[in-house]
Amino acid sequence: METVYSLVHLSDITCPPPKFIHAAAKAGYQCVSLRTIPMGLKGEVPHDIAADKQLFRDTEQALKDTGIFINDTENARIYDGVDIAAYEPALEAISRLGVHHILTNIWTPDSDYYTEKFCELCELAEKYDMTVNVEFVTWASVKDMKTVKELLLRSGKKNVGVVVDLLHFHRSRCKLEEFDSMPREWFNYVHLCDTYKEIPEEEEALVHTGRAERLYPGEGEIDIAGVLKKLPGVSRGIEVPHLERLGEIGLEEHARRALEYAKKNFE
């Protein structure tokens, strides 16, 4: 079975979806993972295909022109005061492009609250035949796989999943044995990247690597092979934001090199 590779939008989050899709196709990817749900963060360049009808049409045309597809979309974050219903236009729009997976992460420490909101999100996603996949983030409220497992079990929902980002898996000190007690159907896709073995203690350093200096898969010291052995056949998202490399060689070549590293080291 051919391994499916997706280029994840954070690799160049400022790039508009149509241009990003064309770059991914030229670099050899079968699909992309897009950030089409605005997060309302300072400095964010939103790609709101629900509100921007021309952007939706251009994104749809780019998919037709290249023949690739959208594996998933992000980021339906859960935070204090979140209105889950406000995500519906984004989910409805992306569903018309054939997407069946959305990503979320948790930014509130109240487990009862985030469980309630997660269940609401699952119910909304179910209307559009979508799974809700929790990515644990080292500097977020839900920062490891154990806590995600507890959330999914507590929710009782069926359309759920876990996104294992190799950077966060390593830096949150997760263990390979944790996969053994989790249902295989929870794992719809994985995010590949690499970094050095040392784990910073300062949040600023953690965030910097996560958003601006990830290495190509196999270029660093994360046990990527160990994780992939636990997840045979799962779609592999390449998420390698690296501002210096993007500036030097551009998105298409950056994406191509990342894919070459992944195939050379892990196929």
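The values are calculated or read from the model by the stated rules, or taken from the named source; none is laboratory data. These numbers come from a predicted model, not from an experiment. Heads up, the Cβs are rebuilt from the backbone with ideal geometry, glycines too, and the neighbour counts pull from every protein chain shown.
Of all residues in the range 128-166, exactly one satisfies the criterion of being within 15 Å of Asn71 (Cα to Cα) and either among the aromatic types (Phe, Trp, Tyr) or at pLDDT below 95 (or both), namely Tyr128.
Between Arg214, Arg256, which is crowded, with 17+ Cβ neighbours inside 10 Å and under 23 Å from Leu103 (Cα atoms)? One residue alone meets the criteria, Arg214.
Here is a yes/no grid of residues against (1) in contact (Cβ under 8 Å) with a residue 12 or more places away in the chain; (2) β-branched (Val, Ile, Thr):
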position: Asp12; (1), (2): yes, no
position: Cys15; (1), (2): yes, no
position: Met39; (1), (2): yes, no
position: Lys42; (1), (2): no, no
position: Glu74; (1), (2): yes, no
position: Glu88; (1), (2): yes, no
position: Ile94; (1), (2): yes, yes
position: Leu103; (1), (2): yes, no
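Any residue at all in the range 231-241 that's of a type in the set (A, V, I, L, M, F, W, C), within 19 Å of Lys143 (Cβ to Cβ) and outside any helix (DSSP H, G or I)?
At the first step, the residues of the range 231-241 found to be of a type in the set (A, V, I, L, M, F, W, C) are 231, 234, 238, 240.
Subset that is within 19 Å of Lys143 (Cβ to Cβ): none.
Within the range 231-241 (the criterion being of a type in the set (A, V, I, L, M, F, W, C), within 19 Å of Lys143 (Cβ to Cβ) and outside any helix (DSSP H, G or I)), the answer is no, since none of the residues qualifies.
Against the test of being under 24 Å from Asp180 (Cα atoms) and not aromatic (Phe, Trp, Tyr), the options Met145, Met130 yield a single qualifying residue, Met145.
Could you check, for the range 152-162, whether at least one of its residues is of a type outside the set (S, T, N, Q) and within 15 Å of Leu231 (Cβ to Cβ)? Checked against the condition, which is being of a type outside the set (S, T, N, Q) and within 15 Å of Leu231 (Cβ to Cβ), the range 152-162 yields at least one hit.
Which residues, taken from the range 151-199, are surrounded by 23 or more Cβ atoms within 10 Å (Cβ to Cβ), outside any helix (DSSP H, G or I) and touching a Cys at 6+ places or on another chain (Cβ under 7 Å)? Within the range 151-199, Val160 is the sole residue that qualifies.
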